[in-house]
1. Conditions first: (1) within 16 Å of Val118 (Cβ to Cβ); (2) at pLDDT below 80. Pro86 passes all but one, so which condition is the exception?
2. Filtering the stretch 27-58 down to residues that are assigned to a strand (DSSP E or B) and of a type in the set (S, T, N, Q), which residue is surrounded by the most Cβ atoms within 10 Å (Cβ to Cβ)?
3. Filter the stretch 1-12 down to the residues that are in contact (Cβ under 8 Å) with a residue 40 or more places away in the chain and either under 19 Å from Glu111 (Cβ atoms) or not in a loop (DSSP other than H, G, I, E, B) (or both) and list them by number.
4. Among what's in the stretch 61-83 and is modelled with pLDDT of 65 or more and assigned to a loop (DSSP other than H, G, I, E, B), pick the residue that is surrounded by the fewest Cβ atoms within 10 Å (Cβ to Cβ).
5. Could you give every pair whose Cβ atoms fall below 7 Å, whose first residue belongs to the stretch 13-26 and is on the phi < 0 side of the Ramachandran plot and surrounded by fewer than 19 Cβ atoms within 10 Å (Cβ to Cβ), and whose second residue is in a strand (DSSP E or B) and of a type in the set (Gly, Ala, Ser), counting only separations of at least 6 or pairs across chains?
6. Is it the case that the stretch 89-109 has a residue that's modelled with pLDDT of 85 or more, surrounded by 17 or more Cβ atoms within 10 Å (Cβ to Cβ) and among the basic types (Lys, Arg)?
Amino acid sequence: MASITSVRLRVGRVSSATEFAELTIRVNWTARERQENMFYLVSGFVVERDDGRDFFDMLPDGSIHWSSIGNLDDFVGTIGRQWIRPNGSSSRTLVLRRNWDFGNQESGSEEYMGIATVVPEIRGDIKFAPEISANLG
């Protein structure tokens, strides 16, 4: 499975009303993965840590499930998602960036953490049929 070997987060101000979050993510592939040359979905997220660190689980589609503990963290959101493939390289570095309003901030510094996930194109899927009404009595 592709592995993420490093994640770097930068946050800053674009204007008086807009901030940015930028994740630099490095993904490595095995020789077999380079040979197969499948697509992989890389996703980046940023969270604000208020008190205790919360738990995050990766879902099959690369999104994250957030299980808050103690005083709730303020989950900021998704920075971006991008499909990539090895194309013969053993690793690739990509940058995901998003500008948006982080909302009301407390006075002083805030603690932010970046999260990156990677999943291959061959994975489970789910789709629901339209709801129907039936009287089977």
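The values are calculated or read from the model by the stated rules, or taken from the named source; none is laboratory data. It should be emphasised that the depicted structure is a prediction, and the values quoted were computed from it without experimental measurement. Cβ: placed from backbone, ideal geometry, glycine included. Neighbour counts: every protein chain shown.
1. Among (1) within 16 Å of Val118 (Cβ to Cβ); (2) at pLDDT below 80, Pro86 violates only (2).
2. At the first step, the residues of the stretch 27-58 found to be assigned to a strand (DSSP E or B) are 27-28, 40-49, 55-58.
Filter once more, keeping what is of a type in the set (S, T, N, Q): 28, 43.
On the way: Asn28: 16, Ser43: 22.
Here the residue is Ser43.
3. If we filter the stretch 1-12 for residues that are in contact (Cβ under 8 Å) with a residue 40 or more places away in the chain, which is where we start, we get 1-5, 7-9, 11.
Answer for the stretch 1-12, where residues must be in contact (Cβ under 8 Å) with a residue 40 or more places away in the chain and either under 19 Å from Glu111 (Cβ atoms) or not in a loop (DSSP other than H, G, I, E, B) (or both): Ser3, Ile4, Thr5, Val7, Arg8, Leu9, Val11.
4. Residue satisfying both the conditions and the ranking: Ile69.
5. Correct list of pairs: Glu19/Gly12; Phe20/Gly12; Arg26/Ser6; Arg26/Ser91.
6. Initially, the stretch 89-109 is screened for residues modelled with pLDDT of 85 or more, giving 89-99.
From the residues that got through so far, the ones that are surrounded by 17 or more Cβ atoms within 10 Å (Cβ to Cβ) too are 92, 96.
Going one step further and asking which of them are among the basic types (Lys, Arg), we end up with 92.
The answer is yes, given that some residue of the stretch 89-109 is modelled with pLDDT of 85 or more, surrounded by 17 or more Cβ atoms within 10 Å (Cβ to Cβ) and among the basic types (Lys, Arg).
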